[in-house]
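Heads up: the structure comes next, in structure tokens.
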Amino acid sequence: MAKHWYPVIDYVSCISCGSCTDKCTHGVYDTEKAPSAHVIFPDGCVDQCHGCGNLCPSGSITYNGDATGWVPPNQQRV
Ligand code: SF4
Ligand code: SF4
């Protein structure tokens, strides 16, 4: 199991929609930088939560230490 679980943003595909920052109630994202996604408090992220990743319209969020087999629902396939 991962010691540390937090979101990792792929800034190539991120469209800065702000959904992840809006979704998270644990202070993981910097609300002052919204709608850009900036992780400022990774320790606040809840183990095994995929809340923001499930909302991301471009599949730009994955999780450090994720061994659950979860796949971003909207991930672009190239
Ligand atoms: S995975 Fe959950 S707790 Fe972690 S940043 Fe996303 S919404 Fe917040
Ligand atoms: S939800 Fe996805 S596309 Fe929107 S700001 Fe967050 S990482 Fe970027």
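Quick look at the values:
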read-out: Bins of 5 Å, starting at 0 and running to the largest distance - Cα pair percent for the chain; value: 3, 18, 30, 26, 17, 5, 1
read-out: Those Cys residues of the chain for which no other cysteine Cβ falls under 4.7 Å; value: C14, C17, C24, C45, C49, C56
read-out: Surface accessible to a 1.4 Å probe, per residue, for the residues of the chain, Å²; value: 62
read-out: Furthest towards positive pole of dipole, G44, T25, Y11, structure part the stretch 6-64, Cβ charges; value: Y11
read-out: Electrostatic dipole magnitude of the chain [Cβ: Lys, Arg +1; Asp, Glu -1; Cα centre; debye, to 20]; value: 180
read-out: Chymotrypsin sites (Phe, Trp or Tyr not before Pro) within the stretch 1-59, DSSP loop, no more than 12 other Cβ atoms inside 10 Å; value: Y11
read-out: Residue-averaged 222 nm ellipticity for the chain, from DSSP H runs of 4+ at -39500 (n - 2.57), nearest 500; value: -2500 deg cm²/dmol
read-out: Of all accessible heavy-atom area on the chain, the percent that carbon and sulfur account for (1.4 Å); value: 53
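The values are calculated or read from the model by the stated rules, or taken from the named source; none is laboratory data. All values reported here derive from a predicted model rather than from experimental measurement. As a convention, Cβ positions derive from the backbone with ideal geometry for all residues, glycine included, and neighbour counts pool all protein chains shown. Protein only, heavy atoms only, side chains kept; ligands, DNA and RNA dropped before computing areas. Shrake-Rupley method; radii C 1.70, N 1.55, O 1.52, S 1.80 Å.
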